[in-house]
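Data first, discussion second: the structure below is written as structure tokens.
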Amino acid sequence: MALAQPRFPSRALRVFVPWTPGGATDLQMRAVCEVASRHLGQAIVVENKPGASGTLGAQILAREARPDGYTLSQMPNGVFRVPAMMRAQNMTPPYDPLADFTWILRMVGYMGGVVVRPDAPWRSMEELLAHARANPGTLFYGTPGANTTDVTMTRLAQLLGIEWTAVPFRGAAPNLQALLGGQISFSAETSAWADMALEGRVRPLALWMAARATRFPEVPTFRELGYDIVSESAYGLAAPRGTPPEIVQILHDAFKLAVHDPLHLAVLARFDMPVRYLDSEAYADDVRQVNAQEIATVQALGLRPGG
């Protein structure tokens, strides 16, 4: 007689966050996992895996993890962008973003933009851009990793015919530390700077969201300034290819409840991150569209692995 399989989950889960601790993504993911663990009845261990433009979690899912639902990863846009860049250079990617994963749900998007120190000479984005035009190649800006927010800033630079240089860091915390230390001219960063802005430690100049952020109503969007650039980079969770549908459904249901839970929503409000929920099927459809968009972006901007 076949033994009955234990109900999933029967032990702790692992969720990879491919960024350093302390950034907006890390804090959001820890909050949503904390709530989801209550619905699943098991602990969820969050493991930070920074590096490789946010793709280390995806690489572990594709290469090492079993499709049993116990190993998941946050999936940023770099998961699609990096393979596209590698193929453009006739390199073999470590995974296929459309074939190697099971998509659980899409959760949220990013609020982000350009921030400077309070003593910076630029009081507006227009002043910063004017300086960049007049002094080509002299501005250095920080990003949370290669081929992350620098893609948005490269699009803006190409649109306006200006030159500046991206300095990739291993996450939001070192990026913003470099800004405060005067090592870079400005930071192009997701909303890890929000509390710092409210405290007056940094000054936001412009956002790349579809609309102004609730807590920063005076800060214009790129689109309002006349630049048709929106980059919310919505993300979600994935499991290895072949994860059983019944396990996917259990994970989806728990994390859906967590996404809309007041505890998680409070963290999102802290970083002005919008809810961008999609169920498993809709998320898989969205992934195909995002993958096609990233291939087009890599071709249009000539992006290369490593920045």
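The figures follow:
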| item | result |
| --- | --- |
| With Cα atoms, 0 to 90° folded angle of helix 125-134 axis to the chain main axis | 60 |
| Relative packing of 186-197, 71-82, which averages over residues the other C-beta atoms within 10 Å, highest first | 71-82, 186-197 |
| Derived scalar couplings ³J(HN,Hα) [segment 220-232; Karplus, 6.51 cos²θ - 1.76 cosθ + 1.60; whole Hz; x for Gly, Pro] | x, 8, 4, 5, 5, 7, x, 10, 7, 10, 10, 9, 7 |
| Gain on full stretching of the segment that runs from Ala296 to Glu281 - 0.36 nm per residue minus C-alpha separation | 3.1 nm |
| Value at 222 nm in deg cm²/dmol, rounded to 500, when DSSP H runs of n ≥ 4 in the chain each add -39,500 (n - 2.57) | -12000 deg cm²/dmol |
| Charged-residue dipole, Cβ positions (Lys, Arg, Asp, Glu), the chain about Cα centre, Debye nearest 20 | 420 |
| Distance cut-off 14 Å, percentage of C-alpha pairs in segment 140-225 lying past it | 64 |
| Longest to shortest principal axis, alpha-carbon extents of segment 158-307, angstrom | 51, 39, 30 |
| Rounded tilt (10° steps) of 78-88 against the dominant C-alpha axis of the chain | 80 |
| Which of Thr214, Thr20 is most accessible, then next, and so on - probe 1.4 Å | Thr214, Thr20 |
| Charge dipole (debye, nearest 20) of segment 196-284; +1 at Cβ of Lys and Arg, -1 at Cβ of Asp and Glu | 320 |
| Cα centroid separation - segment 155-183 against segment 201-276, whole Å | 21 |
| Peptides ranked, highest mean first, by Cβ atoms within 10 Å: ranges 170-178, 139-147 | 139-147, 170-178 |
| Accessible area of segment 172-307 belonging to carbon and sulfur atoms, whole % at 1.4 Å probe | 52 |
| Interchain or long-range residues, amide H under 5 Å from Gly236's placed H | Met75, Met107 |
| Simple Cβ-charge dipole of segment 111-188, Lys/Arg +1 and Asp/Glu -1, about Cα centre, in debye nearest 20 | 100 |
| Sum of side-chain charges, Thr148 neighbourhood, beta-carbon under 12 Å (Lys, Arg +1; Asp, Glu -1) | 0 |
| Karplus-derived 3J(HN,Hα), 6.51/-1.76/1.60, for each residue of segment 156-161, Hz, glycine and proline x | 5, 5, 5, 4, 9, x |
| Spacing of the two label points (7 Å from each Cα toward its C-beta) at Arg215 and Gln177, in nm | 2.2 |
| Normalised alpha carbon radius of gyration of the chain [divisor 2.2 N^0.38 Å] | 1.01 |
| Cβ-derived FRET efficiency at R0 45 Å, Glu64 paired with Arg123, nearest 0.05 | 0.35 |
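The values are calculated or read from the model by the stated rules, or taken from the named source; none is laboratory data. Computed from a prediction, not measured in an experiment: that's the story for all the values here. Cβ coordinates were reconstructed from backbone atoms using ideal geometry, including for glycine residues, and neighbour counts include every protein chain displayed. These accessible areas exclude ligands, DNA and RNA; they are computed on the full protein's heavy atoms, side chains included. Shrake-Rupley method; radii C 1.70, N 1.55, O 1.52, S 1.80 Å.
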